[in-house]
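Structure first, then comments.
The values are calculated or read from the model by the stated rules, or taken from the named source; none is laboratory data. Note that this is a predicted model, so its numbers are computed, not measured. For neighbour counting, all protein chains shown are included, and Cβ atoms are generated from backbone atoms with ideal geometry for every residue, glycine included. Note: areas computed on protein heavy atoms with side chains; ligands, DNA, RNA excluded. Shrake-Rupley method; radii C 1.70, N 1.55, O 1.52, S 1.80 Å.
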Amino acid sequence: MSKGAASRAAAARIVADVLEHGRSLSQALPQHTETLDARDRALVQSLCYGVLRNLPILNAALTEFLAKPLKKDLVILHHLLLVGAYQLLYMRTSDHAAVSATVEATECLKKRRQKGLVNAVLRNLQRQRDTLLPKLQQNPELQSAHPRWLADAIRRNYGAQATAIFAANNSQAPMWLRVNTQQVSVTEFKQALHAYDPELQVTTEAPLAEAIQLQHAVDVRQLPGFAEGWFSVQDLSAQFAAPILAAQANERILDCCAAPGGKTAHVLEREPSVAMTALDVDAHRLERVEENLTRLKLHANIVCADAGAIDSWWDGQAFDRILLDAPCSATGVIRRHPDIKWLRRANDIQQLVTLQGELLDALWPLLRAGGRLVYATCSILHDENQQQIEAFCARHADARLTPISCADNATCWQRLPGQQGGDGFFYACVEKQQ
């Protein structure tokens, strides 16, 4: 069996895991690619991300050539055909390689008897794609490449901006690094990066001094200073959390829902004297926090607990500042995680809104008078963001929104996907009145 066939079969299994079994790409990818080499793993990832970004058009294209839907024990072939169709419609893979490797993958999937079916569908698509693809791309029901409920929500929230949001969500996100200035200066790291690869760094200035955008994704473990803790991978929009929190020397800080620890580390890099508590309910993800802090030569008190169950973890001492990176729909990071479009459901939103409100109410008494709470989500939906904070302030007479300097003093800051190259993110800064 060729490597190409094995890669297509792995991609089909991963897409099926996401669409049929509700698993995330981050869960399914490692499981199905562990026996592949680095080049083939990269191909599988590209195939899976591409299929999930363009799923509605791919499904519509296959419908043109399938007499009836493939169901039950043949449903895996539908996902294999999605992988084949993505190659023919969107990738630079030669037609012959795309079709032959995808057809051969039926043997990996123990569907050898359906080789003829897969070959016929892909050959028909190949012959008709130049007329079919433009027709599908002009179909208003397919243009957003989002599930209808989410497309409707984005249009309702953003009106004329919705088209640009869909385009950003369906594009590939750039790679951002954050320099750990406790270990190396920004200038020194940029020089080391240039020496490693003069073409790697994007030359335009980023809005944060520590932020560096790369021209393309790389294996960060090969970059200079990784083992020494010189930098972390973190999207630009997420890098605004620490400056908005603005922790001061020796303050007591809580990072709630902290895993995998990027914001925890950034706060400590900017002010290492703070007493930092990194709290999360997921013990496995907290291991990542520990690993990241160790590599970066930073320290925090790591606590595994339900943030809302205050009595189970709080020592009774008020915090000077609290960062609540709240559980959310993650609709601002779809370009990094296209599976979100198909895993999230419309009824998830109200459940998340309720949880966010409960966490805000539970954590507010833990903040000292005069202290600051920063509420953050990687969502672009108003229900989870501005409306959530307005409702919170209405419930708490001592809560007052304060201007965010890096957002032109707006009190609620919604960053949209693609803005300055960053993800969709929301910030609100609330201070407790004396």
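The table below gives the values:
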| quantity | calculated |
| --- | --- |
| The range 280-379: C-alpha gyration tensor shape, a/c 1.5 cut-off, then a/b vs b/c | oblate |
| Kirkwood hydrodynamic radius of the range 125-264, from inverse mean 1/r over distinct Cα pairs, in Å | 18.6 Å |
| Where only alpha carbons of the range 63-171 are counted, the Rg and the Dmax (Å) | 16.5, 49 |
| Shape of the range 1-138, Cα gyration tensor, a/c cut at 1.5 | rounded |
| Under 13 Å from LYS110, Cα to Cα: aspartates and glutamates that are on another chain or at least 8 residues apart | ASP73 |
| Most to least accessible of LEU25, LEU133 (protein chains only, probe 1.4 Å) | LEU133, LEU25 |
| Heavy-atom accessible area per residue - the chain, 1.4 Å, Å² | 45 Å² |
| Value of [θ]222 nm, deg cm²/dmol, for the chain, DSSP H segments ≥ 4, -39500 (n - 2.57) each, nearest 500 | -14000 deg cm²/dmol |
| Carbon + sulfur, % of accessible area of the chain - ligands and nucleic acids excluded, 1.4 Å | 48 percent |
| Given 12 as the ceiling on other Cβ atoms within 10 Å, longest exposed-site-free region of the chain for trypsin sites (Lys or Arg not before Pro) in DSSP loops | 111-434 |
| Prolate/oblate/rounded label for the range 209-365 (Cα gyration tensor, a/c 1.5) | oblate |
| Proximal aspartates and glutamates relative to LYS71, as straight alpha-carbon distance under 20 Å, when same-chain residues fewer than 8 apart are discounted | ASP17, GLU20, GLU107 |
| Among beta bridges that DSSP assigns inside the chain, antiparallel share in %, nearest 5 | 55 percent |
| Those GluC sites (Glu not before Pro) in the range 156-217 that DSSP places in a loop and that have at most 13 other beta carbons within 10 Å | GLU199, GLU205 |
| Degrees, to the nearest 10: 95-108 long Cα axis against longest axis of the chain | 90 degrees |
| Karplus (6.51, -1.76, 1.60) ³J(HN,Hα), θ = phi - 60°, over the range 82-93, in Hz, Gly and Pro reported as x | 4, 4, x, 5, 4, 4, 5, 8, 10, 9, 8, 4 |
| Estimated inter-spin distance, THR63 and ALA160, nm [label 7 Å along Cα→Cβ] | 3.2 nm |
| Centre separation in Å (Cα based) which lies between the range 1-75 and the range 362-413 | 40 Å |
| Length released on extending from ASN409 to ALA283, taking residue separation times 0.36 nm less the Cα-Cα span | 41.7 nm |
| Spin-label proximity, ASP219 to the range 2-35 - amide N less than 17 Å from point 7 Å beyond Cα toward beta carbon | 30, 33-35 |
| Computed FRET value (nearest 0.05) for ARG148 with ALA192, which takes r as the C-beta separation and R₀ as 56 Å | 0.70 |
| For the range 248-346, size of Cβ-based charge dipole, Lys and Arg +1, Asp and Glu -1, in debye | 620 debye |
